[in-house]
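Enquirer: Below are the C-alpha cells for one structure; questions will follow.
The values are calculated or read from the model by the stated rules, or taken from the named source; none is laboratory data. In this text the structure is predicted, and so the values were computed from the model without any measurement. Quick reminder, even Gly has a Cβ in these numbers, built from the backbone with ideal geometry, and neighbours come from all protein chains shown.
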Amino acid sequence: MGTIMTFDDYVRDARAGVTQAKRLLMRECFRLGVMIGLVANLTMPLKVFVAGESAYVAGMEIESVRQGIAEYRPSRASAVPFEILGSDWERWAQGAAACAIRRYVLGR
C-alpha cells in the first residue's frame, strides 16, 4: 500500500497476505464487530446479518469480527450470532424491481 489503490487491489493484497492490507482488514473487521456488539447490547437481536456490496470482505477475517463483538459485550451476555451474506446483485435487483412495481401499481 502507500499508493493510490482501488478496492479490488486492496482485497487482492489482503488475500495475498500483504502486511499493510492484512492489518487494515483486521482493524476494519474488528470495528465491524464493535458496531455489532454495541448495537446488539441495545437491541438484543436473535441474529445479525451483515450484507452489502463488500460484506464478503468481513468473511476474510471473521475472527477479528468476533473479537470486536466480544470486546464490547458484557461477559455474561449471550453470544451474538451473525451471518455474512454474499453480495447477490440479482437479489438486490429483484428487491428494487419489486419496490418499483409496487410504486407503479399502488401509486406510492
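Enquirer: Among Gly52, Gly37, Gly59, which is at positive phi and touching a residue at least 12 places away in the same chain (Cβ under 8 Å)?
Expert: Gly52
Enquirer: Within segment 4-54, count every residue that is of a type in the set (Ser, Thr, Tyr) and closer than 18 Å to Ser75 by Cα.
Expert: Matching residues across segment 4-54 total 1.
Enquirer: Only helices (runs of 4 or more DSSP H) wholly contained in segment 1-82 count here; list those with 3 or more residues that are under 30 Å from Gly95 (Cβ atoms), among the β-branched types (Val, Ile, Thr) and touching a helix residue (DSSP H, G or I) at 6+ places or on another chain (Cβ under 8 Å).
Expert: The helices (runs of 4 or more DSSP H) meeting that bar are 62-72.
Enquirer: Could you tell me which numbered condition Arg31 fails, if it satisfies all but one of (1) modelled with pLDDT under 95; (2) surrounded by fewer than 16 Cβ atoms within 10 Å (Cβ to Cβ)?
Expert: (1)
Enquirer: Looking at Leu85, Leu25, Leu106, can you tell me which residue is of a type in the set (A, V, I, L, M) and surrounded by fewer than 13 Cβ atoms within 10 Å (Cβ to Cβ)?
Expert: After applying the criteria, what remains is Leu106.
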